[in-house]
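Below is one structure, written out as structure tokens, with a few remarks after it.
No value in this document is a laboratory result; all are computed from the given coordinates. In this text the structure is predicted, and so the values were computed from the model without any measurement. In this analysis, Cβ positions are derived from the backbone assuming ideal geometry, glycine residues included, and neighbour counts consider all displayed protein chains.
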């Protein structure tokens, strides 16, 4: 990984602009399907006050996740100054909608230039994703009755969480497998050692004490955005209860996340809109609410990440690239 360089500003801009244009076209088609004028009117009913509240709750989500990130890095034996760590963490949001989880890769490059092995940064990222999945599944559980197709997906996520937790908490299993893999004559089998090394590193993030601390953080973080969705619907006078609206948001995030589309684009919007219509919300209001929450969560994160990345790019560069710049 040491040979990887931070993408140029032009490359970053191209990727972000392309994903933004594609998303804008999708939202435009979405709005035309529901009725463009009606969607604009519905957006107007939310007002600047509603949008501001949604943005604030998104910031709460990002802030709590950053606190969790700092704890994970500390558990992995690598303390990073708050300013540098914040620049690294939030800059990764800029590439949320680009293919290949580029934002997460970028964080790993930045951390490696500060002495953190790439396997440990990936372990931190893996720990983050698992904590996110647990929180989102828990928040989405009340809404599973609304959307039966999500039940097997939620069940699969719970099974994977249980298996991962069992294997990680009982580290001797991983160490035994790692020893067997290292001794194998087959290259394909030995290649699994890298994954096992990451899982062994991640064990430090999943002691009982850390789990007890992280679960409330993750639940609070994702509940903030889910509550923002409820506030948007409430301002539009949509008759959707608190737990139902929060569950719809969580299920949309869950389905979008496993769709393997960057940022869950397409899948998340489709699920949220469908579930809202199923609860009796008009298609116009469903589309408007979905667009608003995605603009104030996903696309706000991309915008924030881009600002942080461009403003702090020189400080984020490894020393060799700083000299070249």
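Given a Förster distance of 30 angstrom, what is the FRET efficiency for residue 66 paired with residue 151, based on the Cβ-Cβ distance and rounded to 0.05?
Efficiency, from the Cβ-Cβ distance: 0.40.
What nm distance separates the two modelled labels at residue 303 and residue 41, each placed 7 Å from Cα along Cα→Cβ?
2.6
Run the simple label-point estimate for residue 282 and residue 311 please: 7 Å along Cα→C-beta, distance reported in nm.
Between residue 282 and residue 311, the simple spin-label model gives 4.0 nm.
In whole percent, what relative contact order does the stretch 223-285 give with Cα contacts below 8 Å and a gap of six or more residues?
This gives 28 percent for the stretch 223-285.
At 0.36 nm per residue, minus the direct Cα-Cα distance, what do residue 234 and residue 56 gain on full extension? Give it in nm, one decimal, please.
Difference between extended and current length: 62.4 nm.
What ranking do 68-77, 146-155 get when scored by the average of other Cβ atoms within 10 Å per residue, highest first?
So the order, starting with the most tightly packed, is 68-77, 146-155.
Take residue 114 and residue 160, extend 7 Å from each Cα along the Cα→Cβ direction, and tell me the distance between the two endpoints in nm.
Each label point lies 7 Å from its Cα, and together they span 2.9 nm.
Using 1/(1 + (r/R0)^6) with R0 = 45 angstrom and r between the beta carbons of residue 48 and residue 83, what's the FRET efficiency to the nearest 0.05?
Efficiency, from the Cβ-Cβ distance: 0.90.
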